[in-house]
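Here the structure comes first, spelled out in structure tokens, and everything after it is commentary.
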Amino acid sequence: MVEIIKIEGGKRLNGKVTIGGAKNATVALIPAAILADNSDVNIYGVPNISDVESLTEILESLGVSVESPESGHYKINTSNMKNVDLDIDAVTRLRASYYFMGALLGKFKSVRMIMPGGCYLGPRPFDLHLKGFEALGATVDYSQGYYTIKADHLVGAKIYLDFASVGATINIMLAAVLAEGRTVIENAAKEPEIIDLANFLTKMGANIRGAGTNEITIEGVTSLNGKPHDIIPDRIEAGTYIIMAAAMADDVTIENIIPLHVEALTSKLIEMGVNMEIGVDSIRILKSEDLKAVDFTTQTYPGFATDLQQPMTTLLTRAEGASTVKETIYAERFKHTAELQRMGATISVGTAQATITGVTPLFGNKVTATDLRAGASLVIAGLMADGITEIHDIYHIDRGYDEIDSKLKALGAKFWRETI
Ligand code: EPU
């Protein structure tokens, strides 16, 4: 028995949607919480997504207590924590389980875990994370399916990242906050989720400067204490609803949003002719017609987010002319295009790029979510299409979209699940 999503397309959207806490911050903050010494860590705004359930299972396997006194509030306490091998299934369900490498290495100077999982977006090595740990004095061994990473002492170092990797920046920060002396991460990633993590660690007693720039300096401290933290809004969830509204809104307001975090998207949409009003912490999208084709290239923040490339591809089927999308972060992140073609889209895919020709009306069909944001692109396509769309492998969507059913229904979408 599996669950599928069905969408009856063509309904105009109206009303308000409130964005949840950022998935990609949450998946770093939860492992970071184990760095606190025996005191409660209260995290607020935790999205209701299956990635959080997987991380909770990992925490519990480490003997960490996790309570959720109310929706979105997680209370984490490490008093009874033990550094056991991480080899439960949950580790393979998401990529970010590898943040326990940095956190456990930082706290216990050793970690043993199996290969993390996550969406297949082409090869996703994490060599830069491991090189960072080695630079701090750890040894890394991979044998019989386990990574064993350990150090007598972790000592701060200067680490230049060959690529401004989000994951490597976060993992090195997690390992370095309790290391001896100064760590400097050069060519660090600048994504807002990194600033959120730095703010959280700083509240707990870490000494971090430069998060949000390409050079992050961490002066090691000897201990951290639990402190409360509110997660920043999810810019990718926000971007997904903005794109959806650009296609289908009569009048939709997206609330709990930091407009600066989605500026690369909103400026492209304005270029396309989308009718929007940008507020302080909300964006209103009004009915938008006669959209024009645009070209864009995915880049690290503050460039156009690769995670919004897939939802944006769907919208471009509705724009007049040929739009070219270049993908510089994950060359193979185009699996959604084959599914969109099944729904009538005219898309040609080349090496790390796709050309979408519009206006092409979409029709409902049976499609498969091949990864999280591919799933989002198909939800938008289903809302736009004539007839009923049936989406399979929806566990990908549930990994990262908080309360998607109720949010879409509140906007007037005809969206439901069936078990087959
Ligand atoms: N890379 C390496 N070696 C490394 C690390 C990365 O070659 O050691 C390469 C990757 O293969 C990729 C590029 O560098 O080509 C970017 O990887 P990065 O490390 O920046 O990404 P990530 O940390 O694996 C996070 C998000 C992704 C998002 C990217 C880019 C989380 C948990 N994941 O991944 O989010 O696409 O940054 O912004 O934060 C999603 O939410 O759907 C998602 C995939």
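The values are calculated or read from the model by the stated rules, or taken from the named source; none is laboratory data. Please read these numbers as outputs of a predicted model, since none were measured by experiment. Here the Cβ is made from the backbone with ideal geometry for all residues, glycine too, and neighbour counts use every protein chain on show.
Just give me the residues in segment 42-95 being within 20 Å of the chain's Cα centre (by Cα), over 23 Å from His396 (Cα atoms) and surrounded by fewer than 18 Cβ atoms within 10 Å (Cβ to Cβ), in sequence order.
Within segment 42-95, Tyr44, His73 meet the criteria.
Can you name every residue in segment 393-415 that is within 16 Å of the ligand (Cβ to nearest atom) and not β-branched (Val, Ile, Thr)?
The answer is Asp393, Tyr395, His396, Asp398, Arg399, Gly400, Tyr401, Asp402.
Within segment 292-309, does at least one residue satisfy the condition of being among the polar types (S, T, N, Q), buried (at least 22 other Cβ atoms within 10 Å of the Cβ) and in contact (Cβ under 8 Å) with a residue 40 or more places away in the chain?
Yes, segment 292-309 contains a residue that is among the polar types (S, T, N, Q), buried (at least 22 other Cβ atoms within 10 Å of the Cβ) and in contact (Cβ under 8 Å) with a residue 40 or more places away in the chain.
Any residue at all in segment 57-76 that's in a helix (DSSP H, G or I) and either in contact with a Pro (Cβ under 7 Å, 6 or more places away or on another chain) or within 16 Å of the ligand (Cβ to nearest atom) (or both)?
yes
Go through segment 150-264 and tell me which strands (runs of 3 or more DSSP E), entirely inside it, have 2 or more residues that are more than 16 Å from the ligand (Cβ to nearest atom) and under 30 Å from Lys407 (Cα atoms).
Here the list reads 249-255.
Please work out if Lys23 is touching a residue at least 12 places away in the same chain (Cβ under 8 Å), farther than 27 Å from Thr169 by Cα, out of contact with any Leu (no Cβ under 7 Å at 6 or more places or on another chain) and charged (D, E, K, R).
The answer is no for Lys23.
Of all residues being assigned to a strand (DSSP E or B) and not acidic (Asp, Glu) in segment 312-328, which is farthest from Cys119 (Cα to Cα)? Just the residue, please.
Looking at the filtered set, the residue picked out is Gly321.
May I ask you to list the residues in segment 265-291 that are more than 16 Å from the ligand (Cβ to nearest atom), within 26 Å of Val166 (Cα to Cα), surrounded by 15 or more Cβ atoms within 10 Å (Cβ to Cβ) and of a type outside the set (Ser, Thr, Tyr)?
The answer is Lys268, Leu269.
I'd like to check something: does segment 347-366 contain any residue that is surrounded by fewer than 15 Cβ atoms within 10 Å (Cβ to Cβ), within 16 Å of the ligand (Cβ to nearest atom) and among the aliphatic types (A, V, I, L, M)?
Checked segment 347-366: no residue is surrounded by fewer than 15 Cβ atoms within 10 Å (Cβ to Cβ), within 16 Å of the ligand (Cβ to nearest atom) and among the aliphatic types (A, V, I, L, M).
Any chance segment 296-305 includes a residue that's away from the ligand (no atom under 16 Å from the Cβ) and either touching a Ser or Thr at 6+ places or on another chain (Cβ under 8 Å) or not hydrophobic (A, V, I, L, M, F, W, C) (or both)?
No: zero hits.
Scan segment 118-129 and report the pairs whose first residue is more than 14 Å from Phe163 (Cβ to Cβ) and whose second residue is part of a loop (DSSP other than H, G, I, E, B) and of a type in the set (Val, Ile, Thr), with Cβ atoms within less than 8 Å and a gap of 6+ or a chain change.
Note: pairs meeting the criteria are Tyr120/Thr370.
All but one of (1) buried (at least 22 other Cβ atoms within 10 Å of the Cβ); (2) within 16 Å of the ligand (Cβ to nearest atom); (3) at pLDDT 95 or above hold for Leu121; state the number of the condition that does not hold.
(3)
Tally time: how many residues in segment 37-56 are part of a strand (DSSP E or B) and touching a Leu at 6+ places or on another chain (Cβ under 8 Å)?
1
Which fully enclosed strands (runs of 3 or more DSSP E) of segment 329-420 have 2 or more residues being farther than 21 Å from Gly20 by Cβ and among the charged types (D, E, K, R)?
414-419
Against the definition (in contact with a helix residue (DSSP H, G or I) (Cβ under 8 Å, 6 or more places away or on another chain), under 23 Å from Ala168 (Cα atoms), surrounded by fewer than 21 Cβ atoms within 10 Å (Cβ to Cβ) and β-branched (Val, Ile, Thr)), how does Ile114 come out, yes or no?
yes
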